[in-house]
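These notes concern the structure reproduced below.
The values are calculated or read from the model by the stated rules, or taken from the named source; none is laboratory data. Owing to the predicted nature of the structure, the values given are computational and were not obtained by experimental measurement. Cβ sites come from the backbone with ideal geometry, for glycine too, and all protein chains shown count toward neighbours. Just the protein is used for accessible areas: all its heavy atoms, side chains included, with ligands, DNA and RNA removed. Shrake-Rupley method; radii C 1.70, N 1.55, O 1.52, S 1.80 Å.
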Amino acid sequence: MAFGPVPVVRWPGVLSLVFALSACDGPQSVLDPAGRDAEVLATLFWVMLGGAVVLWVALNGLIYFVTKIAPRPLNARAAEALIIGGGVVVPVILLSTLLAYALNEMPRQRDRGEGLRVEVTGHQFWWRVAYWPEGSEVPVMAANEVRLPTGQRSEITLNAERVIHSFWIPALGGKTDMIPGRETRMSLEPTKPGEYRGQCTEFCGESHAYMAFGAVVMEPEAFEAW
């Protein structure tokens with residue numbers, strides 16, 4: 001029995017693809033959203049990626065056309081048209097469209113909360129969390145874990161002691177810096193109950209790697225009971 005040549009499997013490329021696909025979900029993935037804000041950011045990522053692919057294909061297609069399909073001398077006017085059209089006009093139109101889309105989505109990330117306020121303070125190297133339900137005069141204190149109810153937009157105020165931190169729960173929304181002496185704010189609207197992972201994304205000292213925390217999203221009834 002005769003056998004043909006054995007196909008060459010390029011394992012580095014295959015493994016890279018597997019690792020890339022495996023990183024698209026999980027408790028700390030921006031591409032596996034569990035909140036309204038994360039959904040907006042994930043959509044923005046895919047739109048930007050699509051625009052980058054279109055731009056890459058257009059410019060490389062133009063280069064392939066003039067070097068392989070029609071490799072002939074061009075007069076000055078034709079050369080200028082290709083350079084200006086393919087290198088200036090098309091990228092400017094495409095990038096301006098993507099920029100306008102991104103700027104239109106930004107106000108959603110600054111919406112106000114609807115009742116529950118969570119005050120998070122970054123220390124070296126832990127998180128102090130204070131829950132202020134609507135109408136309460138005394139907070140419920142916790143540490144190194146943030147719990148939020150689904151179906152409502154919670155206000156999150158952010159403070160820091162001594163050094164700058166940055167608060168980020170990838171599955172729920174974007175990141176916001178925490179600056180000593182200045183209170184910053186954000187809001188999150190979780191949509192899927194579950195356990196997720198947050199972290200500090202600003203280098204804050206030798207134990208910065210330990211500034212991770214749990215983020216638990218609960219149904220409103222379970223959250224009230226908790």
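Filtered by the rule that a residue be open to solvent by 40 Å² or more (accessible area, probe 1.4 Å) and within 21 Å of Met218 (Cα to Cα), the stretch 153-174 gives a lone residue, Trp168. Put simply, of Val88, Val14, Val57 the only residue that is open to solvent by less than 100 Å² (accessible area, probe 1.4 Å), over 30 Å from Leu148 (Cβ atoms) and modelled with pLDDT under 75 is Val14. Looking across the stretch 202-223, just one residue is in contact (Cβ under 8 Å) with a residue 24 or more places away in the chain, of a type in the set (Asp, Glu) and closer than 23 Å to Trp132 by Cβ, and that is Glu219.
Residue pairs whose Cβ atoms lie under 6 Å apart, separated by 6 or more positions or on different chains, with the first residue in the stretch 186-201 and on the phi > 0 side of the Ramachandran plot and open to solvent by less than 40 Å² (accessible area, probe 1.4 Å) and the second at pLDDT 95 or above and assigned to a loop (DSSP other than H, G, I, E, B), do not occur.
Consider Arg117 carefully, then state whether it is open to solvent by 50 Å² or more (accessible area, probe 1.4 Å), within 21 Å of His165 (Cβ to Cβ) and not hydroxyl-bearing (Ser, Thr, Tyr). Criteria met by Arg117.
For the stretch 120-152, what are the residues that are open to solvent by less than 50 Å² (accessible area, probe 1.4 Å), touching a residue at least 60 places away in the same chain (Cβ under 8 Å) and in contact with a Ser or Thr (Cβ under 8 Å, 6 or more places away or on another chain)? Selection gives Trp127, Leu148, Thr150.
Yes/no per residue for (1) β-branched (Val, Ile, Thr); (2) within 17 Å of the chain's Cα centre (by Cα); (3) modelled with pLDDT under 95:
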| residue | (1), (2), (3) |
| --- | --- |
| Tyr101 | no, yes, yes |
| Pro133 | no, no, yes |
| Pro139 | no, no, yes |
| Leu148 | no, no, no |
